[in-house]
1. Would you please list the contacts, defined by Cβ atoms under 9 Å and residues six or more apart or on different chains, that run from a residue in region 25-47 that is among the polar types (S, T, N, Q) to a residue that is outside any helix (DSSP H, G or I)?
2. For Ala13, only one of the following conditions fails: (1) under 18 Å from the mean Cα position of the chain (by Cα); (2) surrounded by 12 or more Cβ atoms within 10 Å (Cβ to Cβ); (3) of a type outside the set (D, E, K, R); (4) part of a loop (DSSP other than H, G, I, E, B). What is its number?
3. Return the residue satisfying two criteria in turn: it lies in region 69-92 and is touching a Gly at 6+ places or on another chain (Cβ under 9 Å) and without any contact (Cβ under 8 Å) to a residue 24 or more places away in the chain, and of such residues it is farthest from Arg41 (Cα to Cα).
4. Glu29: among the charged types (D, E, K, R) and open to solvent by less than 70 Å² (accessible area, probe 1.4 Å), yes or no?
5. Right, Cys58: in contact with a Gly (Cβ under 6 Å, 6 or more places away or on another chain), open to solvent by less than 60 Å² (accessible area, probe 1.4 Å) and in a strand (DSSP E or B) or not?
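The values are calculated or read from the model by the stated rules, or taken from the named source; none is laboratory data. Source: prediction; values computed, not measured. Using ideal geometry, Cβ is built from the backbone for each residue, glycine included, and neighbour counts are taken over all protein chains shown. Side chains are part of the model used for accessible areas, which takes the heavy atoms of the whole protein and leaves out ligands, DNA and RNA. Shrake-Rupley method; radii C 1.70, N 1.55, O 1.52, S 1.80 Å.
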Amino acid sequence: MKYVCEIELPDNASIMTFLDAIAQAGRDESKWKRIHALPERMARTDLTDKCGSCKHFCLWHDSDSNGCCKAGHPWGKRSRPKCKDYERNEEWQK
């Protein structure tokens, strides 16, 4: 699990202003945002009627979300809407 805090300071902020901002962020949990890991996001993605559930879609060897289409359509994300040549992959599970 990863949390990120973004604080905006002017370019000419002093070191004391910088340290005060860090201290304030440590006390205020509303400034923090949880970043979900890639496997968690991938598991939650619904691929119903999407490229990733088509039998023509083939993931690239170095990617978990991008691939190419064996039916000749442009490459792209597995979560984009299905095309006219969509055929559901029976091995694919939700």
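1. Pairs found: Thr45/Ser65; Thr45/Arg78; Thr45/Ser79.
2. (1)
3. Result: Cys69.
4. Taking the combined requirement at face value, the residue does not satisfy it.
5. Judged against the criteria, Cys58 is a match.
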